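Remarks on the structure that follows.
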Amino acid sequence: MKEANNDTVKELMPRYLAGHASPEEQNLLQDWINASAENERHYEDFKRIFELSEQHYIAHKKEAHALPINIDAEWQHFLNTISTPEKKNVRQLSSSPATWYKVAATVALLAVSAFILYHLYSPAENIRYQTAENTQSVTLPDGSVVTLNRHSELYYPVDFGKAKRTVTFSGEAFFSVAHDATKPFTIKVDDALVEVLGTSFNVRGYESDKAVEVVVKTGTVKLSVPTLHTEVELNAGEKGVYTDQSKNIDRGLNKDINFLAWNTRQIIFEESDLKSVIETLNKVYGVNIVLTTPTAASCIVTVTFDHQSLEAVLHVLENTLNLTYTIQGNQIEITGAGC
């Protein structure tokens, strides 16, 4: 696994605290924090300064109209803020080197300045939702419901629904869109657009996948890539996939009966081979199960799980397929299969 050096950490921490780090970046930074008590102290120092700088600018939100901003004055005001007696406890958080502390303060201020000032002075402020290791259901102003999977992000302008219904999204989510023939519902996912009037469908578009996948449950959905002047119409039961590599949209029947299992927690395996079982479990439980041993064609399983824990699922598969495996955190290695 890639390790974070000091330069990488200085870039990751403000992104992480501002909620802009990717799942891979979050894991990278968390591994660095867990590596030593000293690293954890550095992170806590940085986090405290980040929060102070954020409070400093939020306190000035009512003065947002007073442009242009005097950066030198703002910097001096920030230094005065964290130097006041009631803030002196910040300097006593740890025995971290002064150089690290100053670098942390500088990077934190710059990161928060860019992040908050963008939102304060942008023409249309966005409403934003982001998940980490959790799922979340969001009801939009038009009554549409979006259920976000882990490590997903959804945002839309504050005037959503007045003239149009447009959201920007990354990750995975199930959309149940309220019908409105006068205002199509549009989802921006990287280079792709998903457009509907009112229907339900699942969208998967993690940055790491370098692909956008749409599976339609009800109604009709249009999946397009405007820069390539290509689009397809998908009906209930169909799937469309656009990949950066192919630069093409593939359309076909959806054969994955577990495409919503991450949301419903109902998993159905019907004469499924072990490799496809592992792929499904990784998506549903957000783990990394790897198969380190060859498996025979006889490793087939038919079973249904309903809101069961990963531990319970593995126990059933262990007995059914005579599996042996090891668990280290989020990594599970299947080292043997007796089927």
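Computed FRET efficiency, Cβ-Cβ of Ser298 and Ala236, R0 45 Å: what is it to the nearest 0.05? Calculated value: 0.80. Against the empirical 2.2 N^0.38 Å (N residues), the stretch 126-253 has a Cα radius of gyration ratio of 0.97. Normalised by 2.2 N^0.38 Å, where N counts its residues, the alpha-carbon radius of gyration of the stretch 261-337 equals 1.00. Checked against a 30 Å cut-off, the cross-linked pairs Lys164/Lys217; Lys188/Lys217; Lys164/Lys255 give Cα-Cα distances beyond that limit for Lys164/Lys255.
Between Glu44 and Arg251, the simple label model (points 7 Å from Cα in the Cβ direction) yields a spacing of 5.7 nm. Neighbours of Glu318 by Cβ distance under 15 Å: Lys/Arg scored +1, Asp/Glu scored -1, total -2. Take every Cα pair under 8 Å whose residues are at least 6 apart in sequence, average their separation, divide by the length of the stretch 261-337, and the relative contact order is 35 percent. Sorted largest first, the principal axis extents computed over the alpha-carbon atoms of the stretch 193-339 equal 50, 29, 29 Å.
The numbers here are math on the coordinates, done by the rules we state, and not lab data. As the structure is a prediction and not an experimental result, all values here were calculated from the model. Virtual Cβ from ideal backbone geometry, glycine too; neighbours counted across all protein chains shown.
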